[in-house]
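To keep things clear, I will list the structure first and then write my remarks on it.
Only the coordinates and a few stated rules stand behind these numbers; no lab work does. On a predicted model such as this, the values are computed, not experimentally measured, just so you know. Methodologically, a virtual Cβ is constructed for each residue, glycine included, from the backbone with ideal geometry; neighbour enumeration extends over all protein chains shown.
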Amino acid sequence: MSSMPPQRTGGGQGPGRGMSPAQGAQEAERRLGLPCFYSGQKVQGMFGCVACQLQIRPRQGAALPTCPQCGEMIWAYLEGGDRPVPEGEAAPVAPQDEQGRDVSVQDGVKLDGPSRPVSVEEGVKLNP
Ligand SMILES: [Zn+2]
């Protein structure tokens, strides 16, 4: 009742202890040379668990889970190419080009056409 095990805070030994997921992802990224993300971030693509290599592909708009196999929170991005930007985070480098905008303005397009008069004729006999 009175004896509590001594707890040390702030002095983690080795990786994996006392690190936030973001720090863990950075650490894994340095180690693997791949962009790494952690559970809770919303990123698209193919990811591999850094601990057991399980590969997952989150659904559109879904956040990275913890590894269903080993519980790891850190995922390495396996698709190569540019590092994806998690939803809700700013891209590290934003090119200031005017090109590439996907806004197209069309003038003179009318969506409302002339209303077609519908005439209903009653009493039409088809049989002679
Ligand atoms: Zn795993």
- Query: For residue 46, what charge total do you get from the other residues with a beta carbon under 12 Å from its beta carbon, if Lys and Arg give +1 and Asp and Glu give -1?
  - Reply: 0
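What order, most packed first, do the peptides 21-29, 69-77 have when packing is the mean number of other Cβ atoms within 10 Å of each residue?
On the way: 21-29: 17.3, 69-77: 19.6.
In descending order of packing, they fall as 69-77, 21-29.
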- Note on the structure: So, with points 7 Å from each Cα along the Cβ direction, the residue 52-residue 26 label distance in nm works out to 2.8 nm
- Query: So how far apart, in nm, are the two label points at residue 82 and residue 70 if each is 7 Å from Cα heading toward Cβ?
  - Reply: 3.1 nm
- Query: Which value results when the Cα radius of gyration for segment 21-77 is divided by 2.2 N^0.38 Å?
  - Reply: 0.97
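May I ask for the net charge around residue 34, where only other residues with Cβ less than 11 Å from the Cβ of residue 34 are counted and Lys, Arg are +1 while Asp, Glu are -1?
Values: positive: 30, 31, 83; negative: 29, 79.
Taking every other residue near residue 34 into account, the sum is +1.
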